[in-house]
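Single-structure report; data block below.
Computed from the coordinates by the stated procedures, all read-outs in this text should not be read as laboratory data. Small disclaimer: the values here were computed from a predicted structure and weren't measured. Positions of Cβ are generated from backbone atoms using ideal geometry, with glycine treated the same way; all protein chains shown enter the neighbour counts.
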Amino acid sequence: MARITFATSRMRMQQPLAAKAALSLLMMSLLATVAVAAKPELPKTPEAIRQFVATNCYDCHQGDASEGGLDFEQLSFDLQDHAVQDRWVRIFDRVEAEEMPPTDYGEADESEKEKFLAATRLHLQRQQVSQHETRGRVQARRLTRTQVERSLQDLLGIDIPLTDFLPEETRSHRYTTVADGQSMSHFQLDAHLKTVDLALDEALRRALSAEDVYEKDFDAQGVARTNPKRRCREPEMREGKAVIWSSGLIYYGRIPATTARADGWYHFDVSVSGLKPPKTGGVWSTVRTGLCVSTAPLLQEVTTFEAMPEPKTISFDAWLPKGHMLEIRPGDATLKKGRFSGGQVGVGEGEPQDLPGIAFDRITMKRIHQNGDDDHVRQLLFGDLPVAPHKDKKKPYQVITKTPREDAARLMLAFANRAFRRPVAADEIAPYVEGVQAAIDSGDDFVATMRMGYRALLCSPRFLYFSEIPGSLDDHAVATRLSYLLTGSTPDEQLRQLADAGKLQDKKVLQAEAARLLEGEHGRRFVHDFAAEWLDLDQINFTTPDRKLYRGFDTIVQQSMLNETETFLETMLAENQSVAQLIDADYTYLDSRLARYYQIDGVEGDELRQVKLEPNSHRGGLITQGAVLKVTANGSNTSPVLRGVWMLERILGETVPPPPTNVPAVEPDIRGATTIREQLAKHRSHGECSSCHAKIDPPGFALENFDPSGQWRDNYITMAGAKKKKGPVIDAGYQMADGREFKDLQEFQSLTISKPRKLAACFAEQLLIYGTGAPITFVDREAVEAIVDESASDDYGMRSIVQAVVASPVFLSK
């Protein structure tokens with residue numbers, strides 16, 4: 001620097017004044033050079049790493065012709081760059097798994113390899129620990145739309161659905177809870193504000209009005225159409241019962257008597273029987289809700305049931321917006337369907353067609369609340385302040401307060417403690433309280449000012465975002481993280497009290513709370529929420545199997561499939577069964593419709609029951625259940641690649657990098673000219689594809705005997721014009737990445753469950769990603785191994801893994 005400055009000074013003295021502009025440009029150039037030279041050099045690759053790479057990798061990964069786009073001459077060791085860091089993690093994994101250098105290249109020197117792995121591990125861990133200490137594992141994380149809904153419901157005691165008013169969530173690392181995939185825009189803030197307004201309006205409506213009692217009891221005549229001479233789509237009277245026949249007419253089976261006079265949850269008891277049932281059992285039927293008119297074609301699924309000749313009562317709860325009604329009808333796609341002209345059905349037109357049907361004796365309808373009564377809402381909003389009817393009966397109830405300023409401050413503080421999920425000092429919310437008190441002083445209504453204050457608190461970042469700082473979580477942050485993992489909502493009173501007492505740092509207390517939150521309805525909710533994203537079950541409606549190819553599939557089968565998987569997981573969790581059951585189990589949960597679809601005999605009734613599986617059933621384990629098989633197909637055909645990637649990432653614990661951009665995707669040949677096995681053999685001839693497909697293809701081919709609708713097949717099906725035709729025989733055999741061979745699904749299952757530790761690690765990782773809001777990093781791997789070690793004595797039981805996860809340092813730190 002001194003030398004450059006001195007030279008520049010001499011040049012300046014020697015130049016005539018006219019040349020000052022040129023000198024100025026030169027000075028700028030020199031200073032720029034100095035600035036570049038002054039930049040810190042990029043970290044040098046450690047010697048142990050450099051030596052291993054030079055000896056074992058340069059032949060294939062050097063220069064413009066580098067395989068897979070990996071050029072070690074150009075690859076930096078600047079681990080602060082996340083892309084570089086991820087690249088070195090992948091390199092470490094491939095060397096550790098003995099995938100690199102390739103076996104045909106020759107074995108690497110074991111000593112050099114160990115030094116390489118040790119050095120790479122050390123530097124990656126140091127870098128990530130430093131990052132976590134500074135910023136934490138997870139960045140600013142907000143509540144998802146489901147968590148906002150449940151939090152508002154629990155804070156206000158309401159039960160109205162709210163997610164439809166909030167934007168759809170994007171997913172990162174498969175989960176909506178992961179922070180780096182979440183965004184916040186003006187549109188989202190506006191939607192949140194409107195949702196808060198809806199929630200507060202509902203809470204105040206219930207707190208400041210009389211109980212909304214609504215009960216109706218309809219006999220068969222009350223269920224049936226009011227004008228027997230009019231052709232329509234309502235039930236007809238037949239032998240003293242209201243009847244609906246099997247038909248493809250939309251809305252046939254609508255029941256105007258059940259039309260809701262106001263938005264709300266309603267409980268129904270429906271006495272129903274089956275008419276002319278098929279030989280396969282009863283008349284499987286659906287219950288749906290909607291406006292049931294042509295201008296509003298969408299219907300919401302509620303439940304399914306099997307109507308038998310003997311009358312029975314089915315009970316269910318349904319959310320009905322004002323003006324919506326029930327539609328109850330035979331829904332089994334395999335039933336004979338009637339033909340009716342003009343899109344309407346006249347009395348007596350179905351009987352001669354010898355159709356199955358359902359007959360109603362009675363329907364009772366009652367307005368209910370699912371999250372506490374109106375007194376509970378009043379207590380949450382106004383504490384111990386009396387709420388009484390107004391003298392003017394046309395006005396809402398009034399809140400009686402003699403000290404409105406003091407009561408407002410007290411209520412706001414109590415509400416903030418719950419909304420912000422931690423103790424709040426009075427000065428923290430002073431601006432909110434001052435605004436409310438100013439409104440009171442100016443003569444505004446007490447209820448209106450409290451609504452304004454609650455609205456402000458619920459739009460605060462301290463409600464919408466998790467309050468966490470880098471390092472170990474405090475007790476209230478632990479309570480929050482545990483509650484949102486297992487219930488999807490804000491901590492309840494018991495969790496808050498334990499956090500206030502500082503007891504959640506005690507592992508036994510923490511795990512006891514986890515066990516409590518997994519009991520009963522909370523446990524079912526956790527399974528439903530987690531499986532929806534972990535297994536993609538919330539995507540089951542994304543495709544519909546081709547009706548020409550898969551005629552037995554219908555919404556009843558699909559709902560039974562979802563029930564099967566969720567009940568199976570609930571049992572695994574409750575009984576602490578090994579995660580190996582995900583791959584193979586000797587039981588599942590079936591009703592008569594799903595059993596018939598799976599071609600399993602001896603199952604009767606519409607209630608799920610545990611069924612022991614015989615070896616020839618082709619079923620066993622989560623991976624053979626219809627819901628999983630459907631979400632891993634596209635409705636028309638299957639792909640071993642799609643199912644293989646899904647299996648690796650969700651169950652087997654392998655990360656699959658994106659395919660090279662210069663390699664075309666594999667598209668199934670729906671003409672049947674070539675098998676998918678032949679296409680993939682050609683695909684793997686690309687050197688950059690072979691290493692990944694060695695892992696992807698085995699689980700994909702193991703499941704190839706299952707079609708897109710979840711049924712077993714021995715041959716591919718092709719179309720010859722409008723007719724189905726048997727295609728090539730399916731070969732489900734393959735070779736595992738480690739060289740072990742299997743000839744069919746059963747042998748694949750046996751090979752896979754022989755290594756349950758990997759299955760346990762994958763399940764633990766999925767829970768940690770979902771529960772903490774951040775992907776598993778390189779430095780987290782030791783914690784995952786510790787979780788697996790802790791569950792090993794219980795044969796890697798699912799409940800033991802959950803308990804170990806919530807007590808792990810990764811879960812208990814930001």
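Here the Karplus curve 6.51 cos²θ - 1.76 cosθ + 1.60, taken at θ = phi - 60°, turns the phi angles of region 44-60 into couplings of 7, 5, x, 4, 4, 6, 4, 5, 5, 5, 4, 7, 10, 10, 5, 4, 10 Hz, with x standing for Gly and Pro. Taking all Cα pairs closer than 8 Å and separated by 6 or more residues, the relative contact order of the chain comes to 11 percent. Ranking Gln746, Tyr770, Ala804 by how far each Cα lies toward the positive end of the dipole of region 737-807 (charges on Cβ) leaves Gln746 at the top.
Look at the dipole of region 47-135 built from charges on Cβ: of Ser66, Leu79, Phe116, the Cα furthest out on the positive end belongs to Leu79.
Taking Cα Rg over 2.2 N^0.38 Å as calculated from this structure, the corresponding entry among [x] 0.92; [y] 0.97; [z] 1.16 is [z].
D by Stokes-Einstein for region 215-368, Kirkwood Rh over Cα pairs, 25 °C, 0.890 mPa s: 161 µm²/s. Among 421-432, 285-296, the peptide with the highest mean count of other Cβ atoms within 10 Å heads the list, and the full ranking is 285-296, 421-432.
Here the Karplus relation 6.51 cos²θ - 1.76 cosθ + 1.60, evaluated at θ = phi - 60°, turns the backbone of region 301-307 into coupling constants of 6, 10, 7, 10, 7, 10, 8 Hz, with x for every Gly and Pro. At full extension, Glu310 and Asp731 could sit 146.9 nm farther apart than now, given 0.36 nm per residue minus the alpha carbon distance.
Rounded to the nearest Hz, the phi-derived 3J(HN,Hα) couplings of region 105-120 under the Karplus curve 6.51 cos²θ - 1.76 cosθ + 1.60 (θ = phi - 60°) are 7, x, 6, 6, 4, 4, 5, 4, 4, 5, 5, 4, 5, 5, 5, 5, where x marks glycine and proline.
Based on the Kirkwood approach, the hydrodynamic radius assigned to region 463-584 is 16.9 Å, with every pair of different Cα atoms included. Among 503-512, 794-803, sorting by the average number of other beta carbon atoms lying within 10 angstrom of each residue, highest first, gives 794-803, 503-512.
If only the Cβ of Lys and Arg carry +1 and only the Cβ of Asp and Glu carry -1, the dipole of the chain around its Cα centre is close to 2480 debye. The spacing between region 80-157 and region 344-362, judged by their C-alpha centroids, is 63 Å.
Each of the peptides 698-705, 147-154 was scored by the mean count of other Cβ atoms within 10 Å over its residues; in descending order, highest first, they stand as 698-705, 147-154. So if I take the centroid of the Cα atoms in region 554-590 and the same for region 416-437, what is the distance between those two points in Å? Distance between centres, Cα-based: 45 Å.
Kirkwood's formula applied to the C-alpha pairs of region 556-612 gives a hydrodynamic radius of 11.6 angstrom.
Provide, for region 215-368, the number of lysine pairs with alpha carbons under 25 Å apart, each pair being eight or more places apart or on different chains. Here the count comes out as 23.
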